[in-house]
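Novice: Have a look at this one.
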Amino acid sequence: MTGPGARGAELEALEVDLLLEGVARQWGFDLRSRSRPQLLRRLRHHLREERLDSFSALQARVLHDAEALDALLRTLSCTPPALFAEAAFFRDFRTRVVPVLRTWPSVRVWHVGCGTGEDTYALAILLHEEGLWGKCRLYASDASEGLLADARTGVLPLPTQEDAQRYLEAGGKGALSDYYTRDGNWALLQPRLRDGIFFTQHNLATDGSFNEFHVIVCRDTLLTFNRALHDHIHGRLFESLARFGFLCLGRKESLARTPHAGAYEMLEDCGRIFRRVA
Amino acid sequence: MNPLGLLVMGAPRCAAADVESVLALLPPHLPVPVVLALHRGPLDALAPPLGRRCALPVVEPDDKDPLLPGAVYLAPAGYHLLVDRGWVSLSVEPPEHGQRPGLDALFESAADSHGPRAAGLLFAGHEDGVAGLQALHARGARVAVVGTNQTGGAGEEGEMAQLTLGSVGGWLARLAYVPRSKVLP
């Protein structure tokens, strides 16, 4: 059965392919390895926001205008909207990973896909509270310079009452408001946190490993990629992780069917925190 | 008629009991995967109660798990569940209609990946899911609404089958029907 819906869908698929091809050739951002259903939904969302009629019109704009590309990449990224968005992860990290980190002389942490930095700053607050800030080097990377620029400012929307509550659920030892100063509806994070984080542009799809790390936090970042790129990136992460280092994934991400699954052990009774054992 | 490849169901929180009843009607040898999005809070344990009377296993899949026939895949809390041909694709896109998992998200992805080989069942009671069901319908999928739909106002609604809890069993049975000539010895 081919109705008008099916024909429209074929044309849309063609336009999307041309747009992605154009973006890859003009800007070097290969979005063709994204998870297709999610990409389609984000692109349609972006089209509505930009009040454009077709992906061909979006293509014309994106190919000529770097800011239009930046806006597109922003729509495609889905950073958690608040500090300590998933309290359970930070609680598990505190109780299961931090005690091991204490025994190491120095610790390099890589937050992969930091977006606008909410989870990075939450991690920095946690490491600070646990007395590890002095011997930790926290690297945060994202493919989008626009998002990184936001993250580097250390300015976030003012945390709400719920954010403060989740901070406590995550095992927070003080008050969330100790870590920022308020400026209207914005929170300026303390410079000692902000200045201790190395924000760096890194594209998981094309760039190789750039250091060896003891902890890699990569939560819900790989959801946006298709199976092939997802597996490829897990290879990069494996190469970047020291033996006995920790890999922290999102609550519903798994290493099953990835090339190095056998080299990891999952910590019991907590979320998806894996330890490289081989 | 295209052979069925996927059955998607979407339901608001108020229809959870109806969903449990309908899952109990699924034939044990259903030849396609069933994917279910149900509005839920972060702490609701849904898979065990929904699976109690269901002949098929009800699981909350991880990202990029394969979709296999004869199982019910329930959208986990806090994620949109999208269908990527034979695979699960979870997403942390912002909530829609205040909901994540969302029903429109699931239906839209099923329309894209399976088109006329999908079947969609929406439990009425929420604005979320109506647009997605229309997208499925436009792509030639078999769709139906269970219960009285007060939230949808679009004219296209009339073309969709309106079912009750009593008649949904027949609709499901017709979906799973395979003509005898096609059954291999």
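Novice: Can you confirm whether region A:202-211 contains a residue that is in contact (Cβ under 8 Å) with a residue 12 or more places away in the chain, out of contact with any Pro (no Cβ under 7 Å at 6 or more places or on another chain), crowded, with 20+ Cβ neighbours inside 10 Å and of a type in the set (Val, Ile, Thr)?
Specialist: No.
Novice: Can you name every residue in region A:201-226 that is touching a strand residue (DSSP E or B) at 6+ places or on another chain (Cβ under 7 Å) and within 13 Å of chain B (Cβ to nearest Cβ)?
Specialist: Across region A:201-226, the qualifying residues are A:CYS218, A:ARG219, A:THR221, A:LEU223, A:THR224, A:PHE225, A:ASN226.
Novice: Out of A:LEU76, A:LEU47, I need the residue that is without any contact (Cβ under 8 Å) to a residue 60 or more places away in the chain and of a type outside the set (Phe, Trp, Tyr). Which one?
Specialist: That would be A:LEU47, the only listed residue that is without any contact (Cβ under 8 Å) to a residue 60 or more places away in the chain and of a type outside the set (Phe, Trp, Tyr).
Novice: Quick one: is A:LEU123 within 14 Å of another protein chain (Cβ to nearest Cβ), touching a Leu at 6+ places or on another chain (Cβ under 8 Å) and within 25 Å of A:LEU204 (Cα to Cα)?
Specialist: Spelling it out, it is not the case that A:LEU123 is within 14 Å of another protein chain (Cβ to nearest Cβ), touching a Leu at 6+ places or on another chain (Cβ under 8 Å) and within 25 Å of A:LEU204 (Cα to Cα).
Novice: Let me ask another. Given the residues A:LEU40, A:LEU14, A:LEU47, which is the only one that is outside the structural domain of A:VAL155 (by TED's automatic domain parsing) and either touching a Phe, Trp or Tyr at 6+ places or on another chain (Cβ under 8 Å) or of a type in the set (Val, Ile, Thr) (or both)?
Specialist: A:LEU47
Novice: May I pose another question? So which strands (runs of 3 or more DSSP E) are wholly in region B:29-139 and hold at least 2 residues that are away from chain A (no Cβ under 13 Å) and touching a residue at least 12 places away in the same chain (Cβ under 8 Å)?
Specialist: By residue number, B:34-38, B:118-123.
Novice: Being touching a strand residue (DSSP E or B) at 6+ places or on another chain (Cβ under 7 Å) and among the aliphatic types (A, V, I, L, M) is the filter here; which residues of region A:111-130 pass it?
Specialist: Of everything in region A:111-130, those that are touching a strand residue (DSSP E or B) at 6+ places or on another chain (Cβ under 7 Å) and among the aliphatic types (A, V, I, L, M) turn out to be A:VAL112, A:LEU123, A:ALA124, A:LEU127.
Novice: Is it the case that B:PRO57 is surrounded by fewer than 21 Cβ atoms within 10 Å (Cβ to Cβ), closer than 22 Å to B:VAL83 by Cβ and in contact with a Gly (Cβ under 8 Å, 6 or more places away or on another chain)?
Specialist: yes
Novice: Could you list, in sequence order, all residues of region A:5-30 that are loosely packed, with under 15 Cβ neighbours inside 10 Å, within 14 Å of chain B (Cβ to nearest Cβ) and within 21 Å of A:ALA228 (Cα to Cα)?
Specialist: A:ALA13, A:ASP17
Novice: Could you count how many residues in region B:140-150 are free of Cβ contacts under 8 Å to residues at least 60 places away in the same chain, touching a helix residue (DSSP H, G or I) at 6+ places or on another chain (Cβ under 7 Å) and in a loop (DSSP other than H, G, I, E, B)?
Specialist: Residues that pass the stated criteria total 2.
Novice: Something else about it: Could you check A:ARG257 against (1) surrounded by 16 or more Cβ atoms within 10 Å (Cβ to Cβ); (2) at pLDDT below 95; (3) not acidic (Asp, Glu) and say which number it fails?
Specialist: That leaves (1) as the condition not met.
Novice: Among the residues that make up region B:12-20, is at least one of them among the aliphatic types (A, V, I, L, M), over 24 Å from B:ALA131 (Cβ atoms) and at pLDDT below 95?
Specialist: Yes: one or more hits.
For every residue, the table says whether it meets (1) over 26 Å from B:ARG174 (Cα atoms); (2) out of contact with any Cys (no Cβ under 6 Å at 6 or more places or on another chain); (3) modelled with pLDDT under 95.
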{"residue": "B:LEU82", "(1), (2), (3)": "no, yes, no"}
{"residue": "B:SER89", "(1), (2), (3)": "yes, yes, no"}
{"residue": "B:PRO95", "(1), (2), (3)": "yes, yes, yes"}
{"residue": "B:PHE107", "(1), (2), (3)": "no, yes, no"}
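Novice: Is it fair to say A:ARG192 is of a type in the set (Lys, Arg), surrounded by fewer than 21 Cβ atoms within 10 Å (Cβ to Cβ) and assigned to a helix (DSSP H, G or I)?
Specialist: So A:ARG192 passes the test.
Novice: Within region A:235-253, can you find the residues that are within 14 Å of chain B (Cβ to nearest Cβ) and touching a strand residue (DSSP E or B) at 6+ places or on another chain (Cβ under 9 Å)?
Specialist: If the condition is that a residue be within 14 Å of chain B (Cβ to nearest Cβ) and touching a strand residue (DSSP E or B) at 6+ places or on another chain (Cβ under 9 Å), then A:LEU249, A:GLY250, A:LYS252, A:GLU253 are the ones that fit.
Novice: Mind listing whichever residues of region A:208-217 are modelled with pLDDT of 90 or more and in a loop (DSSP other than H, G, I, E, B)?
Specialist: Answer for region A:208-217, where residues must be modelled with pLDDT of 90 or more and in a loop (DSSP other than H, G, I, E, B): A:ASN211, A:GLU212.
Novice: Given the condition among the polar types (S, T, N, Q) and surrounded by fewer than 19 Cβ atoms within 10 Å (Cβ to Cβ), answer yes or no: does some residue in region A:31-43 qualify?
Specialist: no
The values are calculated or read from the model by the stated rules, or taken from the named source; none is laboratory data. Since the structure is predicted, the reported quantities are computational estimates derived from the model, not experimental observations. Backbone-built Cβ (ideal geometry, glycine too); neighbour counts: all protein chains shown.
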